[in-house]
Amino acid sequence: MALVADDLSKLLEALRLARRNQGIIQQNLAFSGLAIGTLIIAAVAGALSLPIAVLAHEISDRVADHRHEVRSLLPGYVTSRQKR
């Protein structure tokens with residue numbers, strides 16, 4: 001969203017969108033960190049070979065991207081941070 005007019009009411013909308021996206025990004029980081037941690041433990045324990053762990057990481061990365069795209073399109077989506 002670009003603020004190119006003198007209408008300051010758009011600023012509130014931009015801030016709302018920024019907060020919403022920040023919450024989504026934090027959720028994606030938590031999801032990715034959990035996935036990577038699990039994959040590292042499984043690879044070190046010998047439960048996964050390195051190529052399978054890398055493939056699983058790439059798949060989890062795509063899942064996080066897809067979750068962000070879908071949630072950002074939902075008009076009524078409220079992040080946990082916005083509920084405070």
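The values are calculated or read from the model by the stated rules, or taken from the named source; none is laboratory data. Bear in mind the structure is a predicted one, so any value in this text is a computation, not a measurement. So basically every Cβ, Gly included, is an ideal-geometry build from the backbone, and we count neighbours across all protein chains shown.
Among the residues that make up the stretch 72-81, is at least one of them modelled with pLDDT of 85 or more, surrounded by 11 or more Cβ atoms within 10 Å (Cβ to Cβ) and part of a helix (DSSP H, G or I)? No, that holds for no residue. Being modelled with pLDDT of 85 or more, within 19 Å of the chain's Cα centre (by Cα) and surrounded by fewer than 15 Cβ atoms within 10 Å (Cβ to Cβ) is the requirement here; does ILE59 meet it? Judged against the criteria, ILE59 is a match. Scanning the stretch 43-55 for residues that are touching a helix residue (DSSP H, G or I) at 6+ places or on another chain (Cβ under 9 Å), part of a helix (DSSP H, G or I) and either among the acidic types (Asp, Glu) or farther than 23 Å from ASP65 by Cα (or both) gives a single hit, ALA43.
Does ALA35 satisfy the criteria of being modelled with pLDDT under 80, touching a Ser or Thr at 6+ places or on another chain (Cβ under 7 Å), small (Gly, Ala, Ser) and assigned to a helix (DSSP H, G or I)? The answer is no for ALA35. Does LEU3 count as among the aliphatic types (A, V, I, L, M), assigned to a helix (DSSP H, G or I) and either touching a helix residue (DSSP H, G or I) at 6+ places or on another chain (Cβ under 8 Å) or modelled with pLDDT of 85 or more (or both)? No, not satisfied.
Look at the stretch 18-36: where a residue is under 17 Å from VAL54 (Cβ atoms) and a partner is surrounded by 13 or more Cβ atoms within 10 Å (Cβ to Cβ) and of a type in the set (A, V, I, L, M, F, W, C), sitting 6+ places away or on another chain with Cβ atoms under 6 Å, you get SER32/ALA64.
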